[in-house]
Amino acid sequence: MTSGRRRDGHEQSLALHAVIVSKLLQDSERVLEIARRNVARDLETGNAHSEKYTREWDRLLKQDIPSLIGAMLDPSDHGVTLRSCTPFTGILSASEVQAVKRQYGDDA
């Protein structure tokens, strides 16, 4: 049961990042600005969930959009871990997040 729940969480994270990708394609400057600000804050304050992955996001945010999208939607174990340290908080509205969570039976 735990592994199924964990898988659902990973799928939910992937779905959230897919919505973020759509925002990135609509307004890349805004999305990249927020993500870069989040990375800089996390590295500066030491509040990074995992500095290794925050630094990886920092590098990815300097690459081209297709490479960034590839990392954001990577279904591998590495992609799952990378998304767990996402710099994309603050991109989606609360209602957008809730809409995705409802699809996975998570009303929290």
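Observations, loosely collected:
- The set of residues in the range 1-33 that are more than 17 Å from LEU82 (Cα to Cα) and at pLDDT 95 or above comprises SER22, LYS23, LEU24, LEU25, GLN26, ASP27, SER28, GLU29, ARG30, VAL31, GLU33.
- Inclusion of LEU61 among residues that are surrounded by 11 or more Cβ atoms within 10 Å (Cβ to Cβ) and within 14 Å of CYS85 (Cα to Cα) is warranted.
- Of the candidates ALA71, ALA94, the single residue that is exposed (fewer than 11 other Cβ atoms within 10 Å of the Cβ), modelled with pLDDT of 95 or more and within 17 Å of ALA15 (Cβ to Cβ) is ALA94.
The values are calculated or read from the model by the stated rules, or taken from the named source; none is laboratory data. Remember, predicted model here, so these are calculated numbers, not experimental data. All Cβ positions, glycine included, derive from the backbone under ideal geometry; neighbour counts span all protein chains shown.
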